[in-house]
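Right, I'll just put the structure down here and ask away after.
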Ligand code: DX5
Ligand code: ZN
């Protein structure tokens, strides 16, 4: 079985205290830290880039799971590799013509390549990346329109997760958007093992309890 990975989305943290927020999440049992990189173009919101990842890296050894919501992911590979990113997950909608080059470059910089898709994009678009001789190692299924935290989970995306899990038993399948105690069972039973959660974790009075609940649901 694939291992559960609980990844609090640092988008919901206090960015002015990023290092201590990251440490707090790790103390609460987080496996990964999910870092949402947005360029204000691919999505209508602007967040952080390589300089912030580099700063955070000086304070933590944690796996930095970077989710690139940008129009030109290729431009980010070298800087993020240098900055100390661990995973580099790009969007298929932004890399239709150059995903092969992108995956190769991500690996050559020592990061784990992943691909994500928006709610309106069919999973068939990902098969070439999974069947390639140099495949992506993670699929991030968006369960909201990318851009903002705190949106409502889209249960209809679970068909994508189910189909992927059936075809790829050992693939890391990540879900992102609206995950929390009331939606985790749908995602876990569909076959997701990497769980991104922003507002449900940061908004909780006991984040450790929420993280452990999310993990339990994936394990069961
Ligand atoms: C949205 C981001 C998510 C977001 C999730 O575009 O990719 O990672 O922070 O936040 P919640 O868990 O609040 O939906
Ligand atoms: Zn994300």
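Would you please list the contacts, defined by Cβ atoms under 9 Å and residues six or more apart or on different chains, that run from a residue in the range 104-125 that is within 29 Å of residue 159 (Cβ to Cβ) and without any contact (Cβ under 8 Å) to a residue 24 or more places away in the chain to a residue that is within 16 Å of ligand 2 (Cβ to nearest atom) and part of a loop (DSSP other than H, G, I, E, B)?
Once the first residue is within 29 Å of residue 159 (Cβ to Cβ) and without any contact (Cβ under 8 Å) to a residue 24 or more places away in the chain and sits in the range 104-125, its partners that are within 16 Å of ligand 2 (Cβ to nearest atom) and part of a loop (DSSP other than H, G, I, E, B) give 120/145.
List the pairs whose first member sits in the range 131-151 and is on the phi > 0 side of the Ramachandran plot, whose second member is more than 13 Å from ligand 2 (Cβ to nearest atom), and whose Cβ atoms are under 6 Å apart, counting only residues at least 6 apart or on separate chains?
147/44
Among 157, 142, which is over 21 Å from residue 38 (Cα atoms), within 16 Å of ligand 1 (Cβ to nearest atom) and touching a strand residue (DSSP E or B) at 6+ places or on another chain (Cβ under 8 Å)?
Going through 157, 142 in turn, just one is over 21 Å from residue 38 (Cα atoms), within 16 Å of ligand 1 (Cβ to nearest atom) and touching a strand residue (DSSP E or B) at 6+ places or on another chain (Cβ under 8 Å): 157.
Got at least one residue in the range 40-55 being over 27 Å from residue 92 (Cα atoms), away from ligand 2 (no atom under 16 Å from the Cβ) and modelled with pLDDT of 95 or more? If you could, list the steps in order and put the result at the bottom.
Pass one, the range 40-55, residues over 27 Å from residue 92 (Cα atoms): 55.
Still in the list and also away from ligand 2 (no atom under 16 Å from the Cβ): 55.
Next, from what is left, pick out any that are modelled with pLDDT of 95 or more: 55.
Yes, some residue in the range 40-55 is over 27 Å from residue 92 (Cα atoms), away from ligand 2 (no atom under 16 Å from the Cβ) and modelled with pLDDT of 95 or more.
Identify, from the list 148, 153, the residue that is part of a loop (DSSP other than H, G, I, E, B), over 28 Å from residue 77 (Cα atoms), within 15 Å of ligand 2 (Cβ to nearest atom) and under 18 Å from the mean Cα position of the chain (by Cα).
Numbers: 148 fails: over 28 Å from residue 77 (Cα atoms).
Sole residue among the options that is part of a loop (DSSP other than H, G, I, E, B), over 28 Å from residue 77 (Cα atoms), within 15 Å of ligand 2 (Cβ to nearest atom) and under 18 Å from the mean Cα position of the chain (by Cα): 153.
Now for a different question. Do we find a residue being surrounded by fewer than 23 Cβ atoms within 10 Å (Cβ to Cβ), over 28 Å from residue 84 (Cβ atoms) and modelled with pLDDT under 95 anywhere in the range 152-166?
For the range 152-166, residues surrounded by fewer than 23 Cβ atoms within 10 Å (Cβ to Cβ), over 28 Å from residue 84 (Cβ atoms) and modelled with pLDDT under 95: absent.
Another question, if that's okay. Of everything in the range 161-183 that's more than 23 Å from residue 39 (Cα to Cα) and within 16 Å of ligand 2 (Cβ to nearest atom), which residue is farthest from the chain's Cα centre (by Cα)?
Among those residues, the one meeting the criterion is 183.
For the range 33-48, how many residues are surrounded by 19 or more Cβ atoms within 10 Å (Cβ to Cβ) and away from ligand 1 (no atom under 12 Å from the Cβ)?
1
A further question follows. For the range 7-31, enumerate the residues that are within 12 Å of ligand 1 (Cβ to nearest atom) and crowded, with 22+ Cβ neighbours inside 10 Å.
7, 8, 9, 10, 11 - these are the residues of the range 7-31 that are within 12 Å of ligand 1 (Cβ to nearest atom) and crowded, with 22+ Cβ neighbours inside 10 Å.
Also, quick follow-up: For the range 183-208, what are the residues that are away from ligand 1 (no atom under 12 Å from the Cβ), exposed (fewer than 15 other Cβ atoms within 10 Å of the Cβ) and assigned to a loop (DSSP other than H, G, I, E, B)?
205, 206
The values are calculated or read from the model by the stated rules, or taken from the named source; none is laboratory data. On a predicted model such as this, the values are computed, not experimentally measured, just so you know. Here the Cβ is made from the backbone with ideal geometry for all residues, glycine too, and neighbour counts use every protein chain on show.
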